[in-house]
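Visitor: Dropping a structure here in structure tokens format, bear with me for questions.
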Amino acid sequence: MIIMRSRPPLLLAIAILLTLSACATNNSKEVERQHKLASLHYQIGVDALGKNMLPKAFEELMESDSMVPDQPAVLDALGYAWLLRGDLKKSETFYLRALRNGAGAATQNNYANLLNRMQRYPEAEKAARASLNDPRYPNQDLAFINLGNALSGQKKYTAAIQAFQQARTFNPDNTLAALRLADTYALSGKPLQAQALYENIISSQPQNRAAVEGLVRVLIQQHRPNAARNALSAFSRVTSSDTDRAWAISTMEKAGQQP
């Protein structure tokens, strides 16, 4: 008869520990592999977003989120992807998920932009200010633009003007900040300041339709249809867009009907 000898308790404990350690090592390597793959899918998805390849962006970002859920950067990118697709509610869902999982100033700013688009201006103001609370956030000019848009949407024009001026202080080359400042001057009953800013933008960017549109509006408000037609005529000659040229010619005809 063969007698089976049991292992001493100490050896058995060591064997169990070694087995558990090997399992933990294998699990750790698998987790690390999953994170690396998720990061790769995220990078490909962001690159696709930059190239406006939305289906590919969604495929890669959703795969990253599936492999490692609740990554703030991935959720933020998905929020932006849904915004580009035109589904603002789904965009908000992902931005809020990102914020709940520790996303910082960049996502707060992106969320402020979304809320402005949804015309939820008090909430947009709060999100923009939350973004600006982090002095390390590099895109301060964009956050001040979103703050200015939120304030302008609430007809707080003086505060909005200050926000747009701050945006220009952080980035003097930000044309959007100059445009929004000019728009707000016009809304607040300061057409001369608005006109000067529009003309300054057009002098360096003659094909900037938004600036031409703003200039034409303030000139018409000042009952200067001839000046408006001249601005439109100049724009129609320099623009490379057939659509913009057609708009300029059509608007010239309307301006010609002004008293």
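The values are calculated or read from the model by the stated rules, or taken from the named source; none is laboratory data. What you are looking at is a predicted structure, and each value in this text was computed from that prediction instead of being measured. Glycine gets a Cβ as well: all are built from the backbone with ideal geometry, and neighbour counts include every protein chain shown. Keep in mind that these areas ignore ligands, DNA and RNA; they rest on the heavy atoms of the full protein, side chains included. Shrake-Rupley method; radii C 1.70, N 1.55, O 1.52, S 1.80 Å.
Visitor: Output the number of residues of the range 54-92 satisfying the condition of being surrounded by fewer than 20 Cβ atoms within 10 Å (Cβ to Cβ) and among the hydroxyl-bearing types (Ser, Thr, Tyr).
Guide: Going through the range 54-92 one residue at a time, the tally reaches 1.
Visitor: Would the range 209-227 turn up any residue that is in contact (Cβ under 8 Å) with a residue 12 or more places away in the chain, open to solvent by 20 Å² or more (accessible area, probe 1.4 Å) and closer than 22 Å to Phe144 by Cα?
Guide: Yes: one or more hits.
Visitor: Let me confirm something: among Tyr95, Tyr121, Tyr137, Tyr111, which residue is open to solvent by 30 Å² or more (accessible area, probe 1.4 Å) and either touching a residue at least 40 places away in the same chain (Cβ under 8 Å) or aromatic (Phe, Trp, Tyr) (or both)?
Guide: Tyr121
Visitor: For the range 41-53: of the residues being touching a residue at least 24 places away in the same chain (Cβ under 8 Å) and open to solvent by 30 Å² or more (accessible area, probe 1.4 Å), which is nearest to Arg100 (Cα to Cα)? Talk me through it step by step, then tell me what you get.
Guide: Taking the range 41-53 and keeping what is touching a residue at least 24 places away in the same chain (Cβ under 8 Å), we get 41-42, 45-46, 49, 52.
Next, only the ones that are open to solvent by 30 Å² or more (accessible area, probe 1.4 Å) stay: 41-42, 46, 52.
Numbers: His41: 22, Tyr42: 19, Val46: 21, Asn52: 27 Å.
Step by step, filter the range 41-53, then rank; the result is Tyr42.
Visitor: Within the range 172-191, is there a residue that is under 23 Å from Val238 (Cβ atoms), charged (D, E, K, R), modelled with pLDDT of 95 or more and over 23 Å from the mean Cα position of the chain (by Cα)?
Guide: no
Visitor: Is it the case that some residue within the range 202-209 is among the basic types (Lys, Arg), touching a helix residue (DSSP H, G or I) at 6+ places or on another chain (Cβ under 7 Å) and within 28 Å of Ala143 (Cβ to Cβ)? Steps first, please.
Guide: Applying the first criterion (among the basic types (Lys, Arg)) to the range 202-209 yields 209.
Next, from what is left, pick out any that are touching a helix residue (DSSP H, G or I) at 6+ places or on another chain (Cβ under 7 Å): 209.
Narrowing the set further to residues that are within 28 Å of Ala143 (Cβ to Cβ) leaves 209.
Yes, the range 202-209 has at least one match.
Visitor: Which residues, counting only those in the range 44-66, are part of a loop (DSSP other than H, G, I, E, B) and within 14 Å of Leu83 (Cα to Cα)? Before the answer, list the steps.
Guide: Filtering the range 44-66 down to residues part of a loop (DSSP other than H, G, I, E, B) leaves 51-53.
Selection gives Asn52, Met53.
Visitor: Go through the range 160-188 and report how many residues are closer than 23 Å to Ile220 by Cβ and either among the β-branched types (Val, Ile, Thr) or in contact (Cβ under 8 Å) with a residue 60 or more places away in the chain (or both).
Guide: Final tally of qualifying residues: 3.
Visitor: A further question follows. For Ala255, state whether it is surrounded by 13 or more Cβ atoms within 10 Å (Cβ to Cβ) and either touching a Leu at 6+ places or on another chain (Cβ under 6 Å) or without any contact (Cβ under 8 Å) to a residue 12 or more places away in the chain (or both). Before the answer, list the steps.
Guide: Values: surrounded by 13 or more Cβ atoms within 10 Å (Cβ to Cβ): yes; either touching a Leu at 6+ places or on another chain (Cβ under 6 Å) or without any contact (Cβ under 8 Å) to a residue 12 or more places away in the chain (or both): no.
In short, no.
Visitor: Restricting to the range 182-208, name every residue that is polar (S, T, N, Q), open to solvent by 30 Å² or more (accessible area, probe 1.4 Å) and not in a helix (DSSP H, G or I).
Guide: Residues satisfying the conditions are Ser188, Gln205, Gln207.
Visitor: Next up: Given the conditions (1) closer than 21 Å to Gly86 by Cα; (2) open to solvent by 50 Å² or more (accessible area, probe 1.4 Å), report the number of the one that Arg100 does not fulfil.
Guide: (1)
Visitor: May I pose another question? Residues that are closer than 27 Å to Leu192 by Cβ and touching a Ser or Thr at 6+ places or on another chain (Cβ under 7 Å): find the helices (runs of 4 or more DSSP H) completely inside the range 121-181 holding 3 or more of those.
Guide: So the answer is 157-170.
A quick yes/no check of all residues on (1) part of a helix (DSSP H, G or I); (2) modelled with pLDDT of 95 or more:
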residue: Ile2; (1), (2): no, no
residue: Leu17; (1), (2): yes, no
residue: Asn26; (1), (2): yes, no
residue: Glu92; (1), (2): yes, yes
